[in-house]
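In what follows, a single structure is set out as structure tokens and then discussed.
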Amino acid sequence: MEKYNIYCDESCHLEHDGEKVMVIGGIRCLKANRKYVISRIFKIKEEFGISKYAEIKWNKVSKCNLEFFKKLVDYFFDADELQFRAVVVDKNKMDHEKFNQTHNEFYYKMYYQCLIGLIDTRIENYIYLDKKDTKGTYKINLLKEIISRKIHDFDQNKIVRMQCVNSSELPILQLADLLIGAVGYHNRNIMNGSCAKRALVEYIRGKSGYALDRSTYPSEQKFNLFFIDLQ
């Protein structure tokens, strides 16, 4: 039976961090393809003389390694075995009081919106989320319970595993961080920012065929963006 691994991360998810956009996203691949994908990422690192243990992160994008990150983007868009989805939230429009919710509850709702487009309810799903704080285990258990109820997986046979992990140990999760970072950077309209980061954003825009500032078609499988309307 086929099984999916889903690797998720988030950017600027805190309520009062001074950033206007929150992005929650993830990459999905068949569990059987995991080792192959990692080997391809390692091969790209080797090509550029980068240690296979060096972490791929959006905040590491610079002029001196731009071609390396472009090669990673090329691999993602060429790889049929990888699919990306992200939910983008304009935090200036959040109104937790109006909807009688805490920011944590809102956070779970946004994660649900992201994962519901990545989970395949016909097969087993294994979900890995980047560890953010010491309360991660509690949050993950609650999130798993909420999503399992939403998809009527009351025996939790479809979401077999959902756990916090260290992104430094998972190259596919790091690739998700790179794409999430690019989407967030573009939608924060950062003036006088990094030329290399702007160049990589434009490169991703060209490869994806999307502007990165609005939702894609819901049916888009390769690079799916969902901009939440909070009004």
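The values are calculated or read from the model by the stated rules, or taken from the named source; none is laboratory data. This structure is a prediction, so every number in the text was calculated from the model and none was measured. Reconstructed Cβ throughout: ideal geometry from the backbone, glycine too, with neighbour counts over all protein chains shown.
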Out of I27, I119, I41, sole residue that is part of a loop (DSSP other than H, G, I, E, B) and in contact with a Phe, Trp or Tyr (Cβ under 8 Å, 6 or more places away or on another chain): I119
Top-ranked residue in segment 160-213 [being of a type in the set (S, T, N, Q) and part of a loop (DSSP other than H, G, I, E, B); ranked as surrounded by the most Cβ atoms within 10 Å (Cβ to Cβ)]: S194
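I'd like to verify a number: residues in segment 88-101 that are crowded, with 16+ Cβ neighbours inside 10 Å and either under 17 Å from I27 (Cβ atoms) or at pLDDT below 90 (or both), how many?
Residues of segment 88-101 that are crowded, with 16+ Cβ neighbours inside 10 Å, as a first pass: 88-89, 91, 94.
With either under 17 Å from I27 (Cβ atoms) or at pLDDT below 90 (or both) added as a condition, the list becomes 88, 91, 94.
Selection size over segment 88-101: 3.
Kindly evaluate R188 against the criterion of being on the phi < 0 side of the Ramachandran plot, touching a residue at least 60 places away in the same chain (Cβ under 8 Å) and of a type in the set (D, E, K, R).
Details: on the phi < 0 side of the Ramachandran plot: yes; touching a residue at least 60 places away in the same chain (Cβ under 8 Å): yes; of a type in the set (D, E, K, R): yes.
Taking the combined requirement at face value, the residue satisfies it.
Could you please let me know if N104 is of a type outside the set (F, W, Y), part of a helix (DSSP H, G or I) and modelled with pLDDT under 85? First the steps, then the outcome.
Working: of a type outside the set (F, W, Y): yes; part of a helix (DSSP H, G or I): yes; modelled with pLDDT under 85: yes.
The answer is yes for N104.
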Any chance K197 is among the basic types (K, R) and either over 16 Å from L118 (Cα atoms) or without any contact (Cβ under 8 Å) to a residue 40 or more places away in the chain (or both): yes
Contacts under 6 angstrom Cβ, first residue in segment 27-52 being free of Cβ contacts under 8 Å to residues at least 24 places away in the same chain, partner not in a helix (DSSP H, G or I), 6 or more apart: K45/K52
Which numbered condition T121 misses (of (1) among the β-branched types (V, I, T); (2) within 21 Å of L175 (Cα to Cα); (3) more than 17 Å from the chain's Cα centre (by Cα)): (2)
